[in-house]
Structures are given as structure tokens and as C-alpha cells.
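Notes follow once the structure below has been shown.
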Amino acid sequence: MALDACLLLLVLALPLSLIVHGVATGLLTGATTVPLTLVALAHAAPLLWRRRHPWPAFAAVTLTLALGPLLVTSGLVAPEHYAILMSLAVVELFAVYSLAAWGKRPALTWLAVPVTAVSTSLMLAVLQDSDAASAEDRLPPTFLAAPLMAVHLLLTLTPFSLLLIWLAGYLAWRQRDRRRASEKRVEAALARAAELTRDERDRFAAGLRGAVLQHVAEVRSAAVREDLPAVVSSARSALAAMRVLLAGAARAGVPTSATLTPAAAPPPQPPATAGSTTARTDRNF
């Protein structure tokens with residue numbers, strides 16, 4: 001929003017400076033200054049929402065372009081001041097660029113070029129006809145000569161300049177669209193990786209419950225029965241199942257905090273009532 005406001009001030013700098021200069025030199029009266037200022041503000045104001053609503057902003061700029069000739073033909077503004085109104089034509093350039101860069105239907109944004117070229121040419125024709133009808137051999141005021149020449153040059157090259165500006169906006173849209181597509185692909189890849197990791201962890205948990213915990217339960221049951229050979233056998237089976245499960249998780253890329261090895265695995269503790277047989281069993285294990 002701040003960037004759009006700065007752009008608005010930049011666009012209004014030329015017409016408002018011409019109006020201020022005309023008032024300071026006495027070439028513009030208060031009755032002329034007010035409508036010229038209002039038209040300039042109304043024509044450039046749609047640039048404030050050029051990125052959020054590019055199509056309505058472009059339509060508003062195109063429609064308010066008719067306010068200048070309307071002021072001249074109605075007699076509110078003298079025809080010799082039409083260069084001030086012509087200096088507002090730069091708004092169309094920004095409107096075309098914004099539509100090409102931010103429009104939601106990029107395939108149709110090229111229509112802004114012929115629409116703007118025709119509307120600007122009609123505005124220029126009406127202003128020039130009004131000025132020629134009032135005084136054929138009269139030159140505009142001196143303070144309008146330089147802006148008038150610049151705007152004439154701009155409007156003479158209107159189709160070519162509009163096409164270049166539209167192309168620049170369209171290329172900006174293409175670059176932004178490719179960046180969005182790349183970000184979507186990265187997000188999809190991350191989501192897929194997260195889903196695979198979650199599925200593998202679920203499989204790991206299911207294997208833990210189905211294989212390892214079953215053998216742990218057998219160890220407990222054997223210990224309750226004081227069946228030491230069964231305790232040893234079930235403990236070894238539980239460790240083997242855990243190793244298989246961890247190996248599968250490592251191949252699938254699931255991080256594990258520790259890796260069990262036969263040497264690091266503590267032997268199961270038999271019940272205290274087993275007596276001296278427990279010591280012999282532990283040495284054999």
C-alpha cells in the first residue's frame with residue numbers, strides 16, 4: 001500500500017506542479033484550478049488498488065480519462081490548458097503494466113493495449129480540436145510548452161510504448177507465477193516426505209506392538225512361571241525382533257535414537273526365588 005501511495009504521488013507530481021505554477025503565475029484561476037485538481041486526483045486514485053484489483057483499477061483509469069475532454073468541452077477549463085490534462089496520460093502506462101503484472105486472467109490482459117491506445121488517441125483528438133477551434137494560430141502558455149512536447153512525443157509512440165510496458169508487466173507475472181509453482185512443488189514434496197515419515201513411524205509402532213512386545217510379554221509370563229530357559233529364549237527373540245525392526249526403519253530413513261546390539265543388550269533378570277540356578281543360567285546366556 002505504501003508503494004502504491006508513493007507511485008500515486010509520483011504520477012501526480014507533473015500535473016500538480018503545472019497547476020501550482022499556473023496559479024503562481026496568474027495563468028490559472030481558482031475556478032479552473034479546482035476542477036483540474038479534482039480530475040487529476042480522480043484519474044490517478046485507482047492506482048492505489050492496482051495490485052489488489054487490477055481489472056477494476058484499469059477500468060476506472062480508462063473511464064476517468066474522459067473527464068479531461070469533458071472539462072474542456074463544457075467550458076470549465078480553457079482549451080489552452082489541455083497540456084495539463086494530457087500530462088495525466090502517464091497514469092495509463094502504470095495501469096497497463098499493473099494489469100499485465102497482477103491481472104487474474106493473463107490471457108486477456110493484452111486487451112489493455114488497444115483499449116488504452118484508442119482511448120488516449122480520442123482524448124488527444126478532442127483536446128486538440130477544442131484548442132484549434134478556439135484559436136488556430138495561438139501557442140499554449142510558455143510554462144506548458146515543454147510538458148506538451150513530452151506528452152506529444154509519448155502519445156505519438158503510444159502503441160509501441162504500451163506494448164513494451166504490457167510486455168514488461170507480463171514478464172513480471174510469468175516470473176512470479178513460476179516462483180509460485182516452484183514453491184508449490186517444494187511444499188508438495190515436503191508434505192509427501194512428512195506423510196511417508198509418518199507412515200513409517202506408524203509401521204514401526206505397529207511392528208513394535210506386534211513383534212517385540214509379544215516377546216516381552218512371553219518373557220514376563222515365563223518369569224512368572226519361573227521357566228528360565230523360556231525367559232532366555234523369549235528375551236533373545238525380542239532382541240532379534242527389535243534389531244530387524246530398527247534395520248527396516250534405518251533403510252526407510254526414519255531416525256532412531258539408539259541402535260541395539262547383542263553385546264549392549266542387558267540379559268533379562270529372573271525372579272529372586274530362582275536361587276543358585278539363576279547364576280548358572282546367566283553365565284550361559
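No value in this document is a laboratory result; all are computed from the given coordinates. Since the structure is predicted, the reported quantities are computational estimates derived from the model, not experimental observations. Here the Cβ positions follow ideal geometry from the backbone for every residue, glycine too, while neighbour counts run over all protein chains shown.
Can you give the FRET efficiency for residue 53 and residue 206, using 1/(1 + (r/R0)^6), R0 = 35 Å, r = Cβ-Cβ distance, to the nearest 0.05? Efficiency, from the Cβ-Cβ distance: 0.10. Full extension of the chain between residue 74 and residue 175 yields a length gain of 31.8 nm, computed as 0.36 nm times the residue separation minus the alpha carbon distance.
What's the extension gain from residue 217 to residue 25 if we count 0.36 nm per residue and subtract their Cα-Cα distance? Intermediate values should be presented prior to the final figure.
On the way: separation 192, 0.36 × 192 = 69.12 nm, distance 10.16 nm.
So the extension gain works out to 59.0 nm.
Per 0.36 nm of contour for each residue apart, how much would the distance between residue 191 and residue 118 grow if the chain were fully extended, relative to their Cα-Cα spacing?
Values: separation 73, 0.36 × 73 = 26.28 nm, distance 4.98 nm.
Between residue 191 and residue 118, full extension yields an extra 21.3 nm.
Charge tally for residue 188 (other residues, Cβ to Cβ under 13 Å; Lys, Arg +1; Asp, Glu -1): +1.
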